[in-house]
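**Student:** Take this structure first; my questions come after.
The values are calculated or read from the model by the stated rules, or taken from the named source; none is laboratory data. Fair warning: this is a prediction, and the values are worked out from it, not measured in the lab. We place every Cβ from the backbone using ideal geometry, glycine too, and count neighbours over all the protein chains shown.
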Amino acid sequence: MPGLLQGKIALVTGGGSGIGRATGLRLAAEGSKVMIADYIPEGGERTVRMIKEAGGEASFVSADVSIAREAEAMVNETMKRYGRIDCAFNNAGIEGKMANTVECSEEVFDRVIAINLKGVWLCMKYEIQEMLKQGGGSIVNTASIAGLVGFEGLPAYNASKGGVIQLTRTAALEFATKNIRVNCVCPGVIRTPMVERLLDNRGFSEQELTFGEPVGRMGKPEEIAEGVLWLLSGASSFVTGHPLVIDGAWVAR
């Protein structure tokens, strides 16, 4: 039985770990050829090996999405290798050093905004150019519940994720008549390397990180991947401009 993305070409940024890796594997399992992008080659190449070991097809490209020439080169390499981009998951992101609004350094603020927000804009800028030429496509960006509700100590991260939601809505409106859908996912607390760093290095306990999750646990990267798959696939053909919250009911309180 054909998969939801049979014969499609997908680009996944931040594909070297966590949600990006889980999504790359899921898209490949549904028949897509996947270009994995990450600025850490070891992680990205490991994801490619995992996809191939599972019987899928994938390639790796190194890219820092906050730099225009690298984002453009990433898209160009995908086009060179596969000839089109049907699906794009713009997922690369960092949390930055925790500090309140007064104590957050300009360096940290600029870097988080550059990767999480500017990086999504740059990826869409070059992806959409190709999708217009080929007659359509589907894009999912990674936002966060931190773009919907406040979290103390992460001013740049919160601002960047709120910005991703608005970028998503803007692009969705701009290209709604061009057969290009643009949505985003807003994950809750998901057990990823980013969250593990909060547990290991920053004095948080698992109980503190899950206190707001009514379901009583962290989410799994694979659970976010399912939402991304749906948004990228034709199963969500009438959905665009939507921030899909996948958070165990955190923001429902």
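**Student:** In the set 228, 251, which member is in contact with a helix residue (DSSP H, G or I) (Cβ under 6 Å, 6 or more places away or on another chain), crowded, with 20+ Cβ neighbours inside 10 Å and of a type outside the set (Ser, Thr, Tyr)?
**Tutor:** The conditions single out 228.
**Student:** Residue by residue through region 154-212, note down the ones that are among the basic types (Lys, Arg), at pLDDT 95 or above and touching a helix residue (DSSP H, G or I) at 6+ places or on another chain (Cβ under 9 Å).
**Tutor:** Selection gives 161, 178, 181.
**Student:** Filter region 97-119 down to residues that are in contact with a Gly (Cβ under 7 Å, 6 or more places away or on another chain) and over 16 Å from residue 150 (Cα atoms) and give me whichever is surrounded by the fewest Cβ atoms within 10 Å (Cβ to Cβ).
**Tutor:** Residue satisfying both the conditions and the ranking: 111.
**Student:** In this structure, is residue 101 within 27 Å of residue 191 (Cβ to Cβ) and modelled with pLDDT of 95 or more?
**Tutor:** no
**Student:** Does residue 233 satisfy being among the small types (Gly, Ala, Ser), crowded, with 17+ Cβ neighbours inside 10 Å and closer than 20 Å to residue 115 by Cα?
**Tutor:** no
**Student:** Which one is farthest from the chain's Cα centre (by Cα) among residues in region 93-134 that are of a type in the set (Lys, Arg) and part of a helix (DSSP H, G or I)?
**Tutor:** Only one residue tops the list, namely 133.
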